[in-house]
1. What are the distances, in nm and sorted shortest first, from the label point of A:N235 to the label points of the same position in each other copy, with each label point placed 7 Å from Cα along the Cα-to-Cβ direction?
2. What nm distance separates the two modelled labels at B:T3 and A:R298, each placed 7 Å from Cα along Cα→Cβ?
3. I need to check one value: relative contact order of region A:128-275, counting alpha carbon pairs closer than 8 Å and at least 6 residues apart, in percent.
4. Could you tell me the relative contact order of chain A? Use alpha-carbon pairs under 8 Å, at least six residues apart, and round to a whole percent.
5. Taking a Cβ-Cβ separation under 4.7 Å as the criterion for a possible partner, which cysteines of chain B have none?
6. Toward the positive end of the charge dipole of chain A, about the Cα centre and with charges on Cβ (Lys, Arg +1; Asp, Glu -1), which of A:V42, A:G295, A:W99 goes farthest?
7. Can you tell me the Rg and the Dmax, both Å, for the Cα atoms in chain A?
8. Project the alpha carbons of region B:128-275 onto their principal axes and report the range along each, largest first, in whole Å.
2 protein chains.
Amino acid sequence: MSTRNRQWLLASRPRGPVEESNFRLAEADVPAPRDGEVLVRVHYLSLDPYMRGRMDDAKSYAAPQALGEVMIGGTVGEVVESRNPRWSKGDLAVGPGGWQEYHLSDGKGLVKIPPGLPESVYLGAVGMPGITAWYGLLQIGKPRPGETVVVSAASGAVGSVVGQLAKLRGCRAVGIAGGPAKCAHVVSDLGFDACVDYKSHEFRDAFQAAVPGGIDVLFENVGGAVLDASLARMNAFGRIAVCGLIAGYGGQDIAVRNVRSILVNRLLVQGFIVSEHLELWPQAMQELGAAVAEGKLRYRETVAQGIESAPRAFIGLLRGENLGKQLVRMGG
Amino acid sequence: MSTRNRQWLLASRPRGPVEESNFRLAEADVPAPRDGEVLVRVHYLSLDPYMRGRMDDAKSYAAPQALGEVMIGGTVGEVVESRNPRWSKGDLAVGPGGWQEYHLSDGKGLVKIPPGLPESVYLGAVGMPGITAWYGLLQIGKPRPGETVVVSAASGAVGSVVGQLAKLRGCRAVGIAGGPAKCAHVVSDLGFDACVDYKSHEFRDAFQAAVPGGIDVLFENVGGAVLDASLARMNAFGRIAVCGLIAGYGGQDIAVRNVRSILVNRLLVQGFIVSEHLELWPQAMQELGAAVAEGKLRYRETVAQGIESAPRAFIGLLRGENLGKQLVRMGG
């Protein structure tokens, strides 16, 4: 075991797009657990769009990431030292470890991983992104069989689960994604009924053709022009779960023009943060885990190698360069 | 009784702001009721913002107003001839009479007015506008005592009821209205805690000062920049009832910029049409009528005289020239 713990700190807040210089790689001693604590060696770090919001010093639902501190992030890893009776050396644990190779925990927020599935799935389809999909689709969207569900960022960690859960409930699932490769993956590998490339010049016509009966449930991850295109096609009494607005993370204009659709179609639009609904996580994880085990819920991972690669991989995620869940596999 | 029935027809659809030339005054014979029908002589015609939407040939929740037909509209009047056993000559009735001096009804949608209150109130505080306020505030906004409720178009027929109902439920009621006279009326006569003039150069600062604890419930009648200002001040888990978007009726841009607030503050935003919730009208009318009778719910009317004045009064309503409920008192 190394005695050094490499960590990415937030060095500066982005002005516009995130740059590698916003992060600084530091080294600390691997800490020793005190009474009640465990030391976890991280195997995988999860990179997620919400981190972009935390990098700003703006009013939001969560406090901003502090400058000079280890970047926040979900991790999965192995207990290498325990002074907590509930944990043993060798246990696999998912928790908020941050962008570093080792982290200490008093057990709060640390969840033991049951055997059976690959550990990385607890950062993706059976972890926070999958539960986000589950919550927004089922608790807000409430799709009924035969309805049309549209999800933006469809090839991502959240969107890919949304569409598959919609299919499992007898809905028509239509994805929106950037580029033909992602769209092909969404249809061929994930089983969506259709996927529309928002970067294509034929986007409007293709989208219209993909939702001939209009949209009943929209799971919104992007915002901006893509959201407007969906708003224009919503059916009466449609539901919109607002999960993310990636389009605005770079400081771009995300004005929405088709607000009138909310009134004309009597829509329900609701924003949500999945971490505020922890009481539903066990149920969601059980359903998602069972679906993965049975082969009914598929997922793809894009894995960057080594902690050094984290900022570059994160910037790629914000640019949409990943397919499925973006992870960093720690070298240690 | 006159034998002629004057009527305003829709002559052409507006391009931009409504003009008097969009309407045409016609005359027909006063019709004779057939078996099961009643003839109503209209006392008051209600003018409402929703009519603007119907004048366009656009996809909406209701079919467009047909060209060459009598303009739709709510009316209150007196049964002058009845061949329906449920109605007698002299009964007062509220119903969808349209912009005309007489209308026939088979009784569908016609409601008998109980004695006690002035008949015009059934087109305002105890009619469709009041029930709209009641539904949006209580069924969507669900305000709790101590919360802050903001309503745009606060001096109008709907907004004035929203704020007063909020006060009756122990909330802080803040109005947004155009001009110092309307704002003074909203505070002094209707008892709101504050009212902010959106036409003032100090709007932003005044609005901020009026909602020191943020906004928990927004009842939105206007859209556009006023909606953006409210979105920026919403509290976590706030509710927005979308009742109208007057700002866009003239074809103006009503893009909304602060969409991110829906996500950041986990807002619930819901559009509604009160006529789709007829099952709640008796309860709403009973509560609103009792509040008016007890002097707890006040209302103001702007009354134009004679059917000739209807288009001009309607254009004034869209420009915000009225105070409270806009009515036309028929001359006949």
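1. Between copies, matching label points for A:N235 lie 3.7 nm apart.
2. Label-label distance for B:T3 and A:R298, simple model: 8.0 nm.
3. Numbers: 319 pairs, mean separation 33.7, N = 148.
For region A:128-275, the relative contact order is 23 percent.
4. Numbers: 740 pairs, mean separation 57.2, N = 332.
With pairs under 8 Å counted, the relative contact order is 17 percent.
5. By the Cβ distance rule, which asks for a partner under 4.7 Å, the isolated cysteines are B:C171, B:C243.
6. With unit charges placed on the Cβ atoms, the residue in question is A:G295.
7. 20.0, 62
8. That works out to 35, 33, 32 Å along the principal axes.
No lab work stands behind these numbers, since they all come straight from the coordinates. Remember, predicted model here, so these are calculated numbers, not experimental data. Every residue, glycine as well, gets a Cβ built from its backbone with ideal geometry; the counts of neighbours run over all protein chains shown.
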